[in-house]
Amino acid sequence: MAITHNRWIIHVDMDAYFSAVEQRDNPAYLGKPVIIGGQGGRGVVSTASYEARKYGVTSAMPMVEARRRCPVGIFLPPNMDKYAQTSDQIRHIFEAFSPIIEPLSMDEAFLDVTGMKYLYPDITDIPRQIKERIKRELDLTASAGLAANKFLAKLASDLQKPDGLVVIHPGEEIGLLAPMPVTKLWGVGDATARILKKLHIETIEDFRCCDLKTLEHHLGTCPIELYNLAWGRDDRPVIPDREAKSIGSETTFTMDIWSKDEMRGVLLALAGKVGWRLRKAGLYARTVTVKIRFSSFRTITRSVTLPSSLSLDEDIYQTACEMINKIPIYESVRLLGVTVSKLGQGGRQISLFEVTNERQEKITAVMDQLKDKFGEAIITRGRIL
Ligand SMILES: [Mg+2]
């Protein structure tokens, strides 16, 4: 009952991601037990380096316990901005190999590379090259699994951690899965495992041999999905996150401009457009990027990722201005652009630049209503004029 090999899925999982990033950026931490987690009294471990795992430190363990087990450990608070930025860089590498990417978290993703088999006669070159690029460009290691479906790909990426690469060729899954504990099947948690144990089902092979009716009787639900997984069958597609990744606006001038005052005026108009679209989509952004193209066509971008989400024009504008103010202008400018990214639905309309922002919010709301009613061009704020 071997699976047909009509798909190729890769699961990539960074090794001890947060602590690996810290070790990379602080050579003094290399080879040492590094433990990332909340520093408060009730903090838990988010990632432990492989050195720390030797002391029995695991993720989700209370930090107090981690300190007890590993007194020599280096305990650090998570630097989520840095991990998110690195995650974007990893994403760029993935994009070179497949447009169908489903991220599971900052350090894990599925890629459907089925269509790539024409570009890569040896499909195993893809995960190998992904790993190589992550190592070369980001100085981090990842483990990858390549198989005919998501379940097997994820299982494979975990088999040779860290820095692993496991390919499960069609047919191999039958023997590979057989001796594994049933808890390897997605959906078998502790409670289900206890029930199965009473039925003397501990391995996937045991599970396969059990009659479905008996299983249904004891589990209370039809176990057909688990049964399929036990035989290495899984139809779930890789679902790419296609929603807007960024919202931006740019303008090319009919005559190049020089002065920063003029640029700030343009930034205000661009921030107004971007902010409006952001709010219409019900989104908040954490990263603001400005783009400048000079008369020589040299183009530069500057980005800043903020600690909290924004959606107000004023915040986008101020953040963009701070970046522009720092850029030396040696030649005239032919294009300016503003883009926001790291979009999410969470966030409050808190202005980052003013103590009280209620007035700001009200002005924004009124302007949005007017723009909705009369079109975007109706309101040009004083400063632009
Ligand atoms: Mg990981």
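The values are calculated or read from the model by the stated rules, or taken from the named source; none is laboratory data. Remember, predicted model here, so these are calculated numbers, not experimental data. With ideal geometry, Cβ positions are generated from the backbone for all residues, glycine too; neighbour counts draw on all protein chains shown.
Can you spot a residue in the stretch 35-46 that is more than 16 Å from the ligand (Cβ to nearest atom) and at positive phi? Walk me through how you get there before you give the answer.
So in the stretch 35-46, the residues more than 16 Å from the ligand (Cβ to nearest atom) come out as 38-44.
Now drop any that are not at positive phi, which leaves none.
Within the stretch 35-46, none of the residues are more than 16 Å from the ligand (Cβ to nearest atom) and at positive phi.
Within the stretch 16-34, the residues that satisfy the criterion of being crowded, with 19+ Cβ neighbours inside 10 Å and either away from the ligand (no atom under 13 Å from the Cβ) or not aliphatic (A, V, I, L, M) (or both) are TYR17, PHE18, SER19, GLU22, GLN23, PRO33, VAL34. Of the residues making up the stretch 126-150, those that are touching an Asp or Glu at 6+ places or on another chain (Cβ under 8 Å) and not in a loop (DSSP other than H, G, I, E, B) number 7. Entry remark, the stretch 266-292: residues being farther than 18 Å from THR305 by Cα and either modelled with pLDDT under 90 or surrounded by fewer than 17 Cβ atoms within 10 Å (Cβ to Cβ) (or both) number 7 in total. Take the residues in the stretch 207-261 that are within 31 Å of the chain's Cα centre (by Cα) and either assigned to a strand (DSSP E or B) or β-branched (Val, Ile, Thr) (or both); name whichever of them is surrounded by the fewest Cβ atoms within 10 Å (Cβ to Cβ). Restricting to residues being within 31 Å of the chain's Cα centre (by Cα) and either assigned to a strand (DSSP E or B) or β-branched (Val, Ile, Thr) (or both), the top hit is ILE239. For beta carbons closer than 8 Å, sequence separation of 6+ or different chains, a first residue in the stretch 257-279 that is closer than 25 Å to GLY344 by Cβ and a second that is crowded, with 17+ Cβ neighbours inside 10 Å and basic (Lys, Arg), the qualifying pairs are TRP276/LYS371.
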